[in-house]
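This report concerns only the one structure given below.
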Amino acid sequence: MNICKKNIFLFCLIFFNVTLSFAQKTIYQWTTHAPGSHIINVEKVHDKIYAATPYELFYYNTSDNSINKLTKVNGLSDFGINVMRYNRDTDMILIGYSNSNIDIIDNNGNITNISDIKHKNILVDKSINDVYFIEDKAYLSCGFGIVLIDLKRMEITETYIIGDNGSYLSVNDITLYNDKFYAATSEGIYYADYQNKNLVDFSQWTHDTTLIHADLNYSEIETFNNQLIANYSRNEYNTDTLFVYDGEKWDYHHYEIPSIKRSIRAYDDRLVLSNNYSITALGTDNSVIMTYNKNMEPFDCIYDKNGDAYWIADKTNSIYRFVPGKYFDPINFNGPYSNNVFELKTRGEQLWVAPGGYSSVWAKNWMKDGVFYYTNDEWHNINSSNTEAFDTISDIVSIAIDPINNAKVYVGSYHKGILEFENFELKTIHDKSNSSLGELKNYGYVYVTGMDFDNKNNLWIANSGTDKMLSVKTTSNDWYSFNIGSENTGKLIVDNNNYKWILTRDGKFVVFNDNNTISNPHDDTYKIISTTKGQGGLPEAANCMAVDKNGTVWIGTNDGLAQFYSTSKIFKQGTNYDASRILVPRNDGSNQADYLLSGESVLSICVDDANNLWVGTKNGAFHIANNGLTEYDHFTQENSPLLSNNVIDIAINKYGDIFFGTDKGIISLRGRATEGKKTNSDVVVYPNPVRQGYSGLVGIKNLVTNSLVKITTVDGAFVTHLYSEGGQAVWDCTTINGDKVAPGVYLIFITDESGKETFATKILIM
């Protein structure tokens, strides 16, 4: 039996306190950044309203209006919630994940994980679709049958495979009616005697053939007013049908509107229906007690007789508290609009997200998520709900933040050119009518696939599918375009020599040199970087690139990393400009070596303020020393809270927060390296004091880059010395010999490389 127990209550309190500001985050602390919308289930537990998204579990405290959340970072066992239900008899919440993992939260905050179904080796759908409670028993409707969990013993006790001849059958919902179990399945409704001790025998289950559409999909079934209510689901036609069973025969329910019924909740005096775009409550006489159909897409709704309130789980927003005739209050959970990620860009404390993309053949995806940004611990979403231009603009794929004026941000679309924002408001759209950008022939689309600034603050743009696929917007707002061949373009960076590196559709690079004479095309030149020896010599097709602080251009390929140490060689006649690769010795005593990240498909590269690499692959994220010889970390979804091993992009803000954009959303890690300061005048030590039992790292931040930090006792005895990684030094509270320091006060002395910027402070170890 795969059971894991843990207590999260105290940790949750600590977690939510430390995430209130960047200054309070501890080094190597993870933070999820999941959408606060797309609520799939809602439950009332005492004075808290629990709301489940596919990504995490929020809870709203009705007594003080506070909002907290549970995630894989701070207690939950997994990511990808499929269903959440509350059992009043045991005062427990059961969470079923899309991978069939299970968490059970008791009233003391203890979480018990049951992973038996997840690890069961069967080639069928193992999704947990719904949960039905009878006292201390939980009946799970699964993609293959029904699973019984004993909530006292916290273990699976029985599995019912109820299909004809013992076949697997997807069960969507189950209820108890007149001492019989009724199961709504993908192939009709099945029933069996509740008191039967042999329900594991498929022959004890009967397929109800008296029902209309007896062999088709029924999504919901509930017991209400001494009747059965079942929903026949035809999603493709948007015409779900309710049927009612009175103990003798099935009949059409009188209430009917063409809609998809996403949930049915039964109470003593009402039946609450969540339809595509409305909620409806029916009384015991089948009359409509209440209906509401404005500005929402409900997935679930519960009734709270305290205050006659309905709590609505909404797809596009968070939850609503609805009291008929009085108010309709939104309760918003902050987060990005969606979990889609194509590109991440940071500048200062800002993070911007391009959620769009294009297909494997570079066709439009028509994704209309808009663009998101994160600042001061808050997410903000710009889309058609608040910016009219996004009514007709889709597929945001690139971001460029002005390095001189961070308030100015350029957003590139794979549709209609560049959207220029200032102070987070749309100011201008640059397209064919007012710039050098060209349109895709015969379609009229303006594809902007990559952008970057050069060292003179000119904005360079990759404009795919046109005759001149490279453009520039100068600081004087003049526009020029350049012919760089017939390749379709992707991402773009500018290196320290002001060369423009443009990724092409087939995994090559065009490296363009305007010789710092933008307005003079006669001295322009470009080279193709490919897998061909003598013409770049890449190990495989390229996916991404980045420039480190030494000017080295790192290339991520389908077979690890390559680099160009001196990019000036590319344009010298007769010079070999093939990429270099780093050989990393094996630790097996064989005296053999492998190329850096050989065999890994590298999707993204980011350089931190210590000039080390963070590399996103299809196999997780790697943290590697700049020389390539030391691997500090390899984070995967198996050994960390990382949401997925498919790491699409990585970005790092000035606080050292590393943002991992995966195919399942964004999560961040407080790293060791931060942006260096000009003076050592605003030094912060955290946590301080270091309380008993703390086993993490101490950060000493806001330092000048490459500062020396010496730590002594109050009487001057030497303890250890450190060097800052960018603007932060990290101490593990040990001496230079690796011994843990004793409780007490310690002095910290800081000086930069020049010896001019000095600072002194202290720390208390308890």
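All of the numbers you see were taken from the coordinates with simple rules; none came from a lab. A quick note: this is a predicted structure, and the numbers were derived from the prediction, not measured. Neighbour counts run over all protein chains shown; Cβ positions are idealised from the backbone, glycine included.
Descriptive notes on the structure:
- The charge dipole of segment 684-765, taken about its Cα centre with unit charges on the Cβ of Lys, Arg, Asp and Glu (plus for the first two, minus for the last two), comes to roughly 220 debye.
- The chain: relative contact order as a whole-number percent, Cα under 8 Å and 6+ apart: 7
- Ordered by the count of other Cβ atoms within 10 Å of each Cβ, fewest first, L176, L492, L703 give L176, L492, L703.
- Label point at T712 placed 7 Å out along Cα→Cβ; residues across segment 735-766 whose backbone nitrogen lies under 15 Å: 745-751, 759-763
- Each peptide in 67-78, 473-484 was scored by the mean count of other Cβ atoms within 10 Å over its residues; highest first, the order is 67-78, 473-484.
- FRET efficiency, 1/(1 + (r/R0)^6) with R0 22 Å, evaluated for E388 and N293 via beta carbons: 0.35
- For segment 15-161, relative contact order (Cα pairs under 8 Å, six or more residues apart, normalised by length) works out to 12 percent.
- A value for percent of Cα pairs over 49 Å apart was derived from the coordinates, and within the list [x] 43; [y] 28; [z] 19 it appears as [y].
- Backbone N within segment 468-503 under 11 Å of label point (7 Å from K456 Cα along the Cβ vector): 474-476
- Extension gain, N576 to V361: 0.36 nm times the residue separation minus the Cα-Cα distance gives 74.1 nm.
- D588-D308 pseudo-label distance in nm [points 7 Å out on the Cα-to-Cβ vector]: 7.4
- Report summary: the helix-based calculation at 222 nm, which adds -39500 (n - 2.57) for every DSSP H run with n ≥ 4 and divides by the residues of the chain, gives -500 deg cm²/dmol.
- For segment 684-765: relative contact order, % (alpha-carbon pairs under 8 angstrom, 6 or more apart): 31
- Cβ-defined net charge surrounding I117, 13 Å radius [Lys, Arg +1; Asp, Glu -1]: -3
- Once backbone amide H atoms are built at 1.01 Å from N, E187 has Y218 as its partners under 5 Å, excluding neighbours fewer than 5 places away on the same chain.
- Surrounding net charge for D164, when Lys and Arg each add one and Asp and Glu each subtract one, Cβ distance under 14 Å: -4
- Debye, to nearest 20: dipole size of the chain, +1 on Lys, Arg Cβ, -1 on Asp, Glu Cβ: 2000
- Long-range HN-HN contacts of M92 with modeled amide H, under 5 Å: N87
- Sites listed here are trypsin sites (Lys or Arg not before Pro) in segment 478-546 whose DSSP assignment is loop and whose Cβ has at most 13 other Cβ atoms within 10 Å: K533.
- Rounded to the nearest whole Hz, the Karplus-based 3J(HN,Hα) values (6.51 cos²θ - 1.76 cosθ + 1.60, θ = phi - 60°) of segment 601-609 follow the sequence 8, 8, 9, 7, 9, 9, 9, 8, 6, with x at glycine and proline.
- Kirkwood hydrodynamic radius computed over segment 488-601 comes to 14.9 Å, based on all pairs of distinct alpha carbons.
- GluC sites (Glu not before Pro) lying in DSSP loop within segment 229-293, provided at most 16 other Cβ fall within 10 Å: E248, E256
- Paramagnetic reach from S681 (point 7 Å along Cα→Cβ, amide N under 20 Å) across segment 395-434: none
- Fewest-first ranking of H522, H119, using other Cβ atoms within 10 Å as the exposure measure: H522, H119
- Computed about the Cα centre, the dipole magnitude for segment 77-167 is approximately 140 debye when only Lys and Arg (+1) and Asp and Glu (-1) carry charge, each at its Cβ.
- Stokes-Einstein diffusion for segment 684-765 at 10 °C, viscosity 1.306 mPa s, with a Kirkwood radius from C-alpha pairs, works out to 125 µm²/s.
- Applying both filters, DSSP loop and at most 12 other Cβ atoms within 10 Å, to the GluC sites (Glu not before Pro) of segment 578-665 gives E638.
- When the Cα positions of I666, N515, I319 are compared along the charge dipole of the chain, N515 comes out farthest toward the positive end, with charges on each C-beta of Lys, Arg, Asp and Glu.
- Computed extension length for D246-D377: 41.8 nm, one decimal, from 0.36 nm per residue of separation with the Cα-Cα distance subtracted.
- For T525, T662, order by how many other beta-carbon atoms lie within 10 Å, fewest first: T525, T662
- Sorted peptide list for 281-290, 704-713, 614-623, criterion being average Cβ within 10 angstrom, highest first: 614-623, 704-713, 281-290
- Close amide H partners of G450, meaning residues 5 or more places away or on another chain with modelled amide H under 5 Å apart, are A462.
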